[in-house]
1. Take the conditions under 14 Å from B:Val77 (Cβ atoms) and not hydroxyl-bearing (Ser, Thr, Tyr) and apply them to B:Trp245. Does it pass?
2. Among (1) touching a helix residue (DSSP H, G or I) at 6+ places or on another chain (Cβ under 9 Å); (2) open to solvent by 20 Å² or more (accessible area, probe 1.4 Å), which single condition is A:Leu195 missing?
3. Only one of A:Glu188, A:Glu148, A:Glu162, A:Glu171 is within 12 Å of another protein chain (Cβ to nearest Cβ), open to solvent by 40 Å² or more (accessible area, probe 1.4 Å) and not aliphatic (A, V, I, L, M); which?
4. What about B:Ala8, is it closer than 30 Å to B:Pro190 by Cα, of a type in the set (Gly, Ala, Ser) and free of Cβ contacts under 8 Å to residues at least 60 places away in the same chain?
5. At pLDDT 95 or above and surrounded by 17 or more Cβ atoms within 10 Å (Cβ to Cβ): does that describe A:Leu143?
6. Which ones in the range A:23-61 are among the charged types (D, E, K, R) and at positive phi?
7. Can you tell me how many residues in the range B:18-41 are touching a residue at least 40 places away in the same chain (Cβ under 8 Å) and either open to solvent by 20 Å² or more (accessible area, probe 1.4 Å) or part of a loop (DSSP other than H, G, I, E, B) (or both)?
8. Answer yes or no: is there a residue in the range B:119-139 that is buried (at least 19 other Cβ atoms within 10 Å of the Cβ), within 21 Å of B:Glu103 (Cα to Cα), within 14 Å of chain A (Cβ to nearest Cβ) and not hydrophobic (A, V, I, L, M, F, W, C).
Number of protein chains: 2
Amino acid sequence: MQRYFISAPYQSGEIRLAGEAFHHMIRVMRMKPAEEVYLVYEDQIAIIAQITAVEENTVVLREVAKEMQNKELPLLVTIASGYPKGDKLEWIVQKGTELGAYEFIGFPAQSSVVKWDEKKLAKKKQRLTKIAQEAAEQSQRQLTPNVELLANEGQLWDRLAEYDGIVVAYEESAKEGEKAQLVQILQELPAGSRLLAIFGPEGGITPSEIEKMRAAGGKLCGLGPRILRTETAPLYLLSAISYQWELL
Amino acid sequence: MQRYFISAPYQSGEIRLAGEAFHHMIRVMRMKPAEEVYLVYEDQIAIIAQITAVEENTVVLREVAKEMQNKELPLLVTIASGYPKGDKLEWIVQKGTELGAYEFIGFPAQSSVVKWDEKKLAKKKQRLTKIAQEAAEQSQRQLTPNVELLANEGQLWDRLAEYDGIVVAYEESAKEGEKAQLVQILQELPAGSRLLAIFGPEGGITPSEIEKMRAAGGKLCGLGPRILRTETAPLYLLSAISYQWELL
């Protein structure tokens, strides 16, 4: 069943949709009265709605039922990636959205090769936001992750205090066989906590960056004994969080 | 440090390498005596070796130390994917190798759209094997996963009895909120067991396929409440297995 994100809070009563949702339902999908869709509101309430009438620029629906199953990770996980090469950020956002990330932050790490100016960053953000939206619909999320692309690394340091926990995926920790940190954090943080997970670009995280992260309470984690690429490590983390919180 | 897979069992004593390993070490990397590399043998023994001499077509090395840390998942996980569209299989193999898969099997599922003939399958297998090899080196594995591409689905059914456990990633199970199966299997299987994990193509797994898998003892698993794409689900599974076995 088709899924639409509505940029408004949930309200009971008759539902009237124009604009993009109308266009996609009626013009693209050619839906008719009696057909049903998911509507997901910005306050994360999701309902099943049935089309009752189609007007010139508006589709009218009625609520049939609430979507009961919670689709969101109990931890609000922000994936912070040092700008990687090529289109890796695109698929960190696509796959990370499927796997339940709450937010994505890109930042120019000291070893990031790519240099993106304001104009490039604005275009990139637009593209990544669209990818997140499509992945959220496809994976039946109840929210679309927010995407932020920072122009300088200082903007990342300024935010570190906002989070309840910070994990840093550190290759050296993996090589040393570090195992305990991630499990400890995932088992200690209460539901609803905000977790920041920081991943370096291909060149890794520099000692001075590590120092800033540690000073802010960041824990250096190994993600198993194998060396994961910069675009693979966030998917491991999100999968492990889902396994710990949603299956175990 | 560079990592080379040697298609021979480990032997103590002087090491003499010709062919590809020689070419890459000496011609491509321009290594000199005293430099060190990892050598990984087909019996999964990995050593650190130091170059002692360079001859015309042979590089001579001596063993410095064994690689002590085990890099392989305690479960031998075979990822069986119904042939997906485009190059998704390429990156299931690349990412799945980083995440510790033991083997990959591709098969023509009933809802697979792509139809690959023997010639295409042979080319594809060659390409995927190379991708697995490169990902195994990069992620510092102690073995390179084997890749098999089946010409018909019956060849998959014939193998089901070879495994100690079979899990089937089933979208309907995810929608029903199924949580217990995967955890139960991962906690019950002893180390060294062979686990087959079956994933459908974009179109999913058909009821008649599900019946064959169940008849062979396959357990239908949900992988969390979000709907994962065919190329994302195997990465979730491998990450969860690593978290359960290598971190918890």
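The values are calculated or read from the model by the stated rules, or taken from the named source; none is laboratory data. The structure displayed is predicted, hence computed values, not measured ones. All Cβ positions, even for glycine, are placed from backbone atoms using ideal geometry, and neighbour counts span all protein chains on display. What goes into the accessible areas is simple: the full protein's heavy atoms, side chains included, and nothing from ligands, DNA or RNA. Shrake-Rupley method; radii C 1.70, N 1.55, O 1.52, S 1.80 Å.
1. yes
2. Condition (2) is where A:Leu195 drops out.
3. On the way: A:Glu188 fails: within 12 Å of another protein chain (Cβ to nearest Cβ); A:Glu148 fails: within 12 Å of another protein chain (Cβ to nearest Cβ); A:Glu162 fails: within 12 Å of another protein chain (Cβ to nearest Cβ).
The match here is A:Glu171.
4. Criteria met by B:Ala8.
5. Answer is no for this residue.
6. Scanning the range A:23-61 gives a single hit, A:Arg30.
7. The number of residues fulfilling the criteria is 2.
8. yes
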